[in-house]
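What follows is a short report on a single structure.
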Amino acid sequence: MSLGDKLLDLRKKAGLSQEDVADKLGVSRQTVSKWEMDQTIPELIKVKLLSQLYNVSYDYLINESNLSGDITSIEMIVDEIDWTSAWSKKYPILASYQGMQGINSYCEKISQLYDDCKNEFNFNDEDTALVLKDILYQKFKISKKRSKIK
């Protein structure tokens with residue numbers, strides 16, 4: 001899939017017009033059109049801004065995708081997103097916790113909890129991740145509420 005095809009597909013999936021993208025990047029609508037039609041190639045800084053706009057990796061945009069044919073579902077794009085990197089801009093701990101001493105023991109415990117939950121309730125992987133995420137979020141909300149009371 002060419003860069004232009006990827007840009008067109010991502011823009012449509014994001015529900016943006018060429019004018020919307022142009023405004024966000026400080027270029028003309030015609031420039032966006034030329035990128036999508038593979039008539040011109042955006043400057044590297046614009047490719048970086050496009051990757052941030054669409055929440056996909058820079059590599060996804062500039063490299064040949066390992067996906068063949070047209071991308072017809074958002075799930076295929078979602079799988080290409082580096083969520084840790086995307087969220088670490090807002091939450092810097094996500095970029096650094098993996099190198100912390102002792103964190104691996106928690107990774108192992110959570111992995112075991114994941115497997116146990118999946119097997120005990122006969123969940124698929126997606127449901128298991130969503131349930132555990134929700135449990136952790138509920139715990140977070142309770143802790144946050146308690147800290148406000150103190």
Practice problem: Measure off 7 Å from each Cα along the Cα-to-Cβ vector at M100 and I62, then give the distance between these two points in nanometres to one decimal. | Solution: 3.2 nm
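Charges at C-beta only: +1 for Lys and Arg, -1 for Asp and Glu. How large is the resulting dipole of the stretch 101-149 about its Cα centre, in Debye rounded to 20?
Working: 9 positive and 8 negative charges, 146 e Å.
Magnitude of the dipole: close to 700 debye.
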Quiz item: Once the Cα atoms of helix 44-54 and of the chain are each reduced to a long axis, what angle between those two axes, in degrees from 0 to 90 to the nearest 10, is obtained?
Solution: 50 degrees
Quiz prompt | Unsatisfied cross-links (Cα-Cα over 25 Å) in the set K13/K34; K13/K118; K90/K133; K24/K133 | solution = K13/K118; K24/K133
Exercise. Would you order V131, V27 from fewest to most other beta-carbon atoms within 10 Å of each residue's own beta-carbon?
Key: V131, V27
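If I stretch the segment between I45 and S88 completely, what's the gain in nm (0.36 nm per residue apart, minus their alpha carbon distance), one decimal?
Values: separation 43, 0.36 × 43 = 15.48 nm, distance 2.00 nm.
Taking 0.36 nm per residue and subtracting the Cα distance, the gain is 13.5 nm.
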Self-check item: Fraction in percent of alpha-carbon pairs per bin - 5 Å, the chain
Solution: 2, 8, 13, 15, 15, 13, 11, 10, 8, 5, 2, 0, 0
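Charges only on Cβ, +1 for Lys and Arg, -1 for Asp and Glu: so what's the dipole of the chain about the Cα centre, in debye to the nearest 20? Intermediate results must be reported in sequence, preceding the final value.
On the way: 21 positive and 23 negative charges, 277 e Å.
The calculation lands at about 1340 debye.
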Exercise. Based on other C-beta atoms within 10 Å, arrange R146, R29 from fewest to most.
Key: R146, R29
Quiz item: So how do K6, K133 line up by other beta-carbon neighbours within 10 Å, fewest first?
Solution: K133, K6
Quiz item: Helix 103-121 sits at what angle to the longest principal axis of the chain, using alpha carbons and giving 0 to 90 degrees rounded to 10?
Solution: 80 degrees
Quiz item: Mind checking the angle between helix 3-14 and the chain's longest principal axis? C-alpha axes, 0 to 90 degrees, to the nearest 10.
Solution: 60 degrees
Quiz item: Is the stretch 101-149 rounded, prolate or oblate when judged by the Cα gyration tensor, a ≥ b ≥ c being the square roots of its eigenvalues, rounded requiring a/c under 1.5 and prolate requiring a/b larger than b/c?
Solution: oblate
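Read-outs throughout are calculated quantities, based only on the coordinates presented, and are distinct from any laboratory measurement. Quantities reported herein were computed from a predicted structural model and do not represent experimental measurements. Every residue, glycine among them, receives a Cβ derived from its backbone with ideal geometry; neighbour counts consider all protein chains shown.
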